[in-house]
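One structure is given below, encoded as structure tokens.
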Amino acid sequence: MGWIIFIVFVIGWGLGMYGMFKKAGVEPWKALIPFYNTWIMVEKTGIKKMWFWLQFIPIAGQFITIWITIIFVMHFGRFSLVDHAATVFVPFVYFPYLGYSDKVKWGGPEMVKHYRKSWIREWVDAAVFAIVAATIIRTFVFEAYTIPTGSMEKTLLINDFLFVNKISYGPRIPQTPISFPFVHNTMPGSVTTPSYVKWIQLPYKRLPGSTEIKRNDVVVFNFPAGDTIINLPEYGSAVPYYDVLRSREYNGNREKLMNDFPILVHPMDKTDNYIKRCVGMPGDVIELKRSVLFVNNQPGFIPPASQIYYKVETNGTPITTDFMESELGYMFKPDDSNPNNVVEKNGSFAQVSNTLYIMNLTPADAEKVKKLANVKSVLPRVEEPNEPTTDVFPYDVTNFPWNRDNYGPMTIPAKGVTITLTPQNIALYRRLITTYEHNTLVENGGQYTINGKPATTYTFQYNYYWMMGDNRHNSQDSRYWGFVPETHVVGKASLIWFSWNNGPRWSRLFKSIK
């Protein structure tokens, strides 16, 4: 459904703008070139050129683009609230009408100036409407999102600009409706000042007409372990509060941690947005064996652009940087500590010795490396099954002796399913019961009291999902913080509309996400 709406929107918008540009005396093909078309609108309406460049400001740029479009429509003599609403909400219908109806003519700046309201007043009115409209669109329809980290490489790259479709899984009613427009959880120019107030908190609710998440969808969601953060730029969700709390230094001592750091508690819908692949559905059994994912005892989907670390052994002849740059897409820079050496910018490469390399590779890139004449072996670099670590969920080595590459088997909770609570499994469900489903839980010698009543079982209120990054060895994902409740799901990552790395990555523009 979301894709159908998007396709209709793009086709109708493009056809309409084609006709509108022609009426405005502009070569109509220019209407079909992203960003260049808004440059033409700016020129034709006499808006200052700075507004074109301000479109590229993350988040707020959406409002500016809408405002420029409304101003352009006004130069066809369309000034009413209805005209502005049609421009924002049904451009795929309204623009073809403006572009091809004999009743609509291009009037230019003179038409705007001679309207009964001053042209300044009209621009202000258009700006106010654009803010309201953009907020509604961003909340319920789609939102622009920028990839901040490499956890989904090479499926998604840092500075890929995405459209997140919020219709796909049902638009979510904001839990925290009073907040500064066009920002998520911090004020513009700040990484620590909240952009919202908690005076009004609404219960979880989605609008009707949604579809279910599908296994292997790329999903944007609120970081489940981001409800409490250390409110410093170097911490936040990058170094989660709960990880610090479990560290050897604090060992669960909340009071000491709160004395040492400023702490901020986010509402659920204001925790940081994460993007991962949904590899596990409610009721699925998830397991990793030497970094190979199994779902319900069957090998899981391997995204073509996913990566893991490999140990690459050579005969002593080095692998050339030319090969790694041209064939593997690596980008090298001098190592300040050893100018004669080179290191990969994002830590995806290391030369351990004259014959051993550690390389983060996709399956296809691993095959390329295997074919090199000087390469003797290419083997996954994974943790062994008998090496449990305390940093993976649920942080209970005694009952869950797992690590990032050898994990499970574990069943993902599903709405309506009842489980028996035991000292052996309580670590899996403790946060689910208390934080996500808002119950009180008291534990006493293997006995459990929920909401003041003795309990030996628990029935899940929500569906849960298992999210993992495609860059499997460089991803903070469900292996480290557990289940993602349906309440936290924002939308489906649908389309890369722009990408930047020292210039546009032209091959990634308007690329669907798979």
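The values are calculated or read from the model by the stated rules, or taken from the named source; none is laboratory data. The shown structure was predicted, so the numbers you read here are calculated from the model rather than taken from an experiment. Counting neighbours? That spans all protein chains shown, and the Cβs are built from the backbone with ideal geometry, glycine included.
Observations on the structure shown:
- Residue count for region 213-267 under the criterion of being of a type in the set (Ser, Thr, Tyr) and over 24 Å from residue 488 (Cβ atoms): the result is 2.
- Restricting region 360-384 to residues that are in a loop (DSSP other than H, G, I, E, B) and surrounded by 15 or more Cβ atoms within 10 Å (Cβ to Cβ), the residue that is farthest from the chain's Cα centre (by Cα) is 372.
- Residue in region 55-71 that is more than 31 Å from the chain's Cα centre (by Cα), assigned to a helix (DSSP H, G or I) and surrounded by 14 or more Cβ atoms within 10 Å (Cβ to Cβ) present: yes
- Which listed residue, of 121, 172, is among the basic types (Lys, Arg), farther than 30 Å from residue 363 by Cβ and modelled with pLDDT under 80: 121
- Filter result (over 26 Å from the mean Cα position of the chain (by Cα) and under 20 Å from residue 204 (Cα atoms)) within region 435-450: 439, 440
- Subset of region 373-421 (residues that are modelled with pLDDT of 95 or more and on the phi > 0 side of the Ramachandran plot): 395, 416
- Count of residues meeting criterion [at pLDDT below 90 and within 28 Å of residue 471 (Cβ to Cβ)] in region 203-232: 2
- Restricting attention to region 439-459, the residues being on the phi > 0 side of the Ramachandran plot and surrounded by 11 or more Cβ atoms within 10 Å (Cβ to Cβ) number 1.
- Tally of residues being of a type in the set (Ser, Thr, Tyr), in a loop (DSSP other than H, G, I, E, B) and crowded, with 19+ Cβ neighbours inside 10 Å across region 144-155: 2
- If you go through region 223-267 and keep only what is among the small types (Gly, Ala, Ser) and within 24 Å of the chain's Cα centre (by Cα), you end up with 225, 226, 236, 237, 238.
- Region 475-514, residues that are among the β-branched types (Val, Ile, Thr) and closer than 30 Å to residue 283 by Cβ: 484, 487, 489, 490, 513
- Selection status of residue 462, surrounded by 14 or more Cβ atoms within 10 Å (Cβ to Cβ), of a type in the set (Phe, Trp, Tyr) and over 21 Å from residue 391 (Cβ atoms): yes
- Only one entry of 136, 167, 178, 158 meets the criterion of being more than 30 Å from residue 330 (Cβ to Cβ), surrounded by fewer than 18 Cβ atoms within 10 Å (Cβ to Cβ) and not assigned by TED's automatic domain parsing to the domain that holds residue 41, and that entry is 178.
- Taken as a whole, the condition of being modelled with pLDDT of 85 or more and assigned to a loop (DSSP other than H, G, I, E, B) does not apply to residue 52.
- Out of 458, 464, sole residue that is modelled with pLDDT of 95 or more and in contact with a Pro (Cβ under 8 Å, 6 or more places away or on another chain): 464
- Each residue in region 313-332 was checked for being crowded, with 18+ Cβ neighbours inside 10 Å and touching a helix residue (DSSP H, G or I) at 6+ places or on another chain (Cβ under 6 Å), and 2 of them qualify.
- Of the set (1) closer than 21 Å to residue 470 by Cβ; (2) modelled with pLDDT under 90, all apply to residue 368 but (2).
- Of the residues screened, residue 242 is not one that is assigned by TED's automatic domain parsing to the domain that holds residue 280 and either in contact with a helix residue (DSSP H, G or I) (Cβ under 9 Å, 6 or more places away or on another chain) or not in a loop (DSSP other than H, G, I, E, B) (or both).
- Check on residue 19, part of a loop (DSSP other than H, G, I, E, B) and either surrounded by fewer than 13 Cβ atoms within 10 Å (Cβ to Cβ) or more than 27 Å from the chain's Cα centre (by Cα) (or both): no
- Residue list for region 245-268, filter: in contact with a Gly (Cβ under 8 Å, 6 or more places away or on another chain) and in a loop (DSSP other than H, G, I, E, B): 266
- Any hit, region 290-303, residues being touching an Asp or Glu at 6+ places or on another chain (Cβ under 7 Å), part of a strand (DSSP E or B) and modelled with pLDDT of 90 or more: yes
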